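Report on one structure; see the data block that follows.
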Amino acid sequence: MIVARKVDAVSELRRGALELALLAYLNRKPDFGGAMISGLAEATAGGLVITEGSLYPALGRLEKKGFLNPEFRKEVEGRKPRKYYTLTEEGVLRLKELKAAWIPLVDGVTLLFGDENDE
Amino acid sequence: MSELDNYLKQVRKGMRFVSGFNKTSFCNELAAQAEYTGTLPGGNPRALGKAMRQVYGISMWFRILLITTAFPLGLLSTPMIVAWFPEFPAILFLLLTMLWVMLASYYGGRWSGLMTGLSAAVPRIIGLLVFIFALEFINQYFDSYQVSEGTLATVFLTSLLLPLIGFFVGGRIRRPD
């Protein structure tokens, strides 16, 4: 069914930050999808809680752009192989690029909130 | 069938027309997640499958099918080509062709839509050129065959419209998340 998508501002904000968050997270250590959902929530102290519906499409897009290198690893005998993602060189460069843009953006917007930060 | 199997079946349905390799690879990834967490992945499985279809795109075979089918549809929608059969509903085939191009654009994205539109436009443009430049030749075999300028202009404009529909419509249609 074709429907017009209702844009939720908070979802849009999260979606924009997700690419950077995933690249930053995977720059620390390679990981697989199942562990990333809880791993990201922990690493961001609950600031970035995501579901499969946003995680896997985002991973797929990053993989398609060549920023991630996927690899199936069979770690435990009798268990299904897990798809681990590691950052490629392009991924590392992309992370640097996004990080350089992100920090002044967040600092600048936070300044705009002014006294509201204290509330 | 286990709950996980049922979940993966719904994901596969959402990933309709995606290559079998990508479907299997993604379902294995979800199955590994379910094994690790001990719970089913969250969210609507069919919506997740659709979101992944947007990432992977449809399979090459399906793209080829969409593009090749557009050619005979375009042919049957060309009034001067099917004019030998006066009752032939060329306009109906034109509408079907437009729907087909939109379908290609929806499932395959802008470039598939453009290629499908071009494939449908080719027989129409050929028909047009034949009747502009070879009408005299045709009339040696068929009596007083004539096509009005209005018909020529309409065929030309609708032919141009097909690849444009393919390119622009797909990008405008949003699927539910």
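No lab work stands behind these numbers, since they all come straight from the coordinates. Predicted model, so just to flag it, every value in this text is computed and none were measured. Here the Cβ positions follow ideal geometry from the backbone for every residue, glycine too, while neighbour counts run over all protein chains shown.
Numbers for the structure displayed
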item	result
Pairwise label distance in nanometres, residue B:68 with residue B:95, each label 7 Å out on the Cα-Cβ vector	2.9 nm
Extreme residue, positive dipole direction of chain B, given options B:37, B:101, B:125 (C-beta unit charges)	B:37
Residue mean of other protein chain beta carbons inside 10 Å, B:33-39	5
Where labels lie 7 Å past Cα in the beta-carbon direction, separation of residue B:88 and residue A:45 in nm	7.3 nm
Relative contact order computed over chain B (Cα-Cα under 8 Å; 6+ residues apart), in percent	23 percent
Contact order relative to length of the range B:3-56, as percent, for alpha carbon pairs under 8 angstrom and 6 or more apart	56 percent
Separation of the residue A:10 and residue B:24 label points, Cα + 7 Å toward Cβ, nm	4.1 nm
Overall Cα dimensions of the protein assembly as shown - principal axes, largest extent first, Å	84, 54, 34
Overall dimensions of the range B:5-124 as given by Cα atoms, namely Rg and Dmax in Å	19.3, 67
Average partner coverage of A:59-66, which counts Cβ from other chains inside 10 Å	2
The range A:52-64 - phi-based ³J(HN,Hα) in whole Hz, Karplus 6.51/-1.76/1.60, Gly and Pro as x	4, x, 9, 5, 5, x, 5, 4, x, 5, 5, 5, 5
Against the rule of thumb 2.2 N^0.38 Å, how large the Cα Rg of the range B:3-56 comes out	1.02
Percent RCO, i.e. relative contact order, over the range A:1-110, from Cα pairs under 8 Å lying at least 6 residues apart	27 percent
Rh (Kirkwood; distinct C-alpha pairs) - the range A:9-112, Å	14.5 Å
Cut-off 14 Å (backbone N to label point 7 Å along Cα→Cβ of residue A:28), residues of the range A:57-71	none
